[in-house]
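Below: the structure, in structure tokens.
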Amino acid sequence: MEKRRSFGIMPDGKAAEEVTLRAGELSCSILTYGGAVRTLRVPDQNGRPTDVVLGFDSLEDYIRQDKYIGALIGRYANRIGGASFPLNGVEYPLRANDGPNHLHGGPMGFDKQLWTVEALTENTLVLTLTSPDGQEGYPGKLDIKVTYTLTECGLEIDYEAKSDRDTLCNLTNHSYFNLSGHDSGSISDQQIQVFADRYTPTGPGSIPTGELAPVEGTPMDLRVPTPIGDHVDDGFDQLTLAGGYDHNWVIKGWDGTLRPAARAWSPRTGITLEVLTTLPGIQFYSGNYLDGCPAGKGGAPYAKRWGFCLETQFFPDSPHHPAFPSSVLKKDTVYHQKTYYRFQ
């Protein structure tokens, strides 16, 4: 397989590319469109290469889908209630794209933009993007650099950003994982473990209430490995409201260093995924609304709960909750975070 190939033409005539990285038995392909992770092949318990992320075979399907599959998310991952936020005494209106709220950076977030290949080696890709002052309502010109490094154990994503004005910055990756293979069907039998004693409950529109609630005694308690399907449809109000798991967990012991946030495992392939991050939160989403997207790679009919997401992040709606860790990026300071998807 070639390292770099054309992946279609954007509506404005610019070319999108697919870049392939290799390290040991692992391989990964990433698009310049949205920085999307399109394939990630890891060996199963019998050594067979297994593609564990959902994706599409054409640029047109990536543009058409609305599930953020595989993409880089910014300027602000997750939701901002009321599509506005206060900063330095000014209220900044944002573009609403999730009812009255702002989701994943807005209608033209980083997931829908063409990134530039800044550097490329056998196992490393550096993508850059400049978001102009006022894009989607955010103040400041933001320069972003994202480095993907494929190791013999997994995929590391290193994020850096710098703004010429105070702004918000909360970047993540929105890959959908299926550790039995992207085309293998439901993820309900796969186990999930989240290293968190608390989570952030939500109200209407999946906007956090501001509470840091204990997971103890609720279906949100995923501190020990639990099949995703065991409680996802329980009559618990938080699950009912979101149609399943779609919540932010407060990573235990967060101190800004790289630490384990979650682990998942497939009993069919024996593949284990561990997510490590320097950020304080992780969104576990059980793919409740995957229905309606285009057919996936090889014609796979992606449907509800065919994949799950583990999105590392600052907490949703943090500008409206002073007790949450701050997602404000000060002028001329560097935003830096790292997430590592490690396989066993």
*Can you give the net charge of the other residues whose Cβ lies under 12 Å from the Cβ of MET10, counting K and R as +1 and D and E as -1?*
-1
*Cα centroids of segment 274-298 and segment 57-97: how far apart, whole angstrom?*
15 Å
*Give a residue-ordered list of calculated ³J(HN,Hα) values for segment 132-145 (Karplus: 6.51 cos²θ - 1.76 cosθ + 1.60, θ = phi - 60°; whole Hz; x for Gly, Pro).*
x, 3, x, 4, 6, x, 7, x, x, 7, 10, 9, 10, 10
*What's the center-to-center distance, using Cα atoms, between segment 196-217 and segment 101-157 in Å?*
28 Å
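Give me the extension gain from ASP332 to LEU120: residue separation times 0.36 nm, minus the current Cα-Cα distance, reported in nm with one decimal.
This chain segment gains 73.7 nm when fully extended.
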_Spacing of the two label points (7 Å from each Cα toward its C-beta) at LEU87 and ALA323, in nm_ = 2.5 nm
*With each label point set 7 Å from Cα along the Cα-Cβ vector, what nm distance links ALA213 and PHE236?*
0.9 nm
*Between ARG5 and THR130, how many nm apart are label points set 7 Å from Cα along the C-beta direction?*
3.2 nm
*Helix-only mean residue ellipticity at 222 nm for the chain, each DSSP H run of n ≥ 4 adding -39500 (n - 2.57), per residue, nearest 500*: -1000 deg cm²/dmol
*asked:* List the GluC sites (Glu not before Pro) within segment 1-99 that DSSP assigns to loop and that have no more than 14 neighbouring Cβ atoms inside 10 Å.
replied: GLU2, GLU25
*Please give the contour-minus-distance gain from ASN46 to ARG95: 0.36 nm per residue of separation, less the Cα-Cα distance, rounded to one decimal in nm.*
12.8 nm
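Any read-out appearing in this document is the output of simple, stated calculations on the displayed coordinates, not a laboratory observation. Keep in mind the model is a prediction, meaning the values are calculated, not measured. Virtual Cβ from ideal backbone geometry, glycine too; neighbours counted across all protein chains shown.
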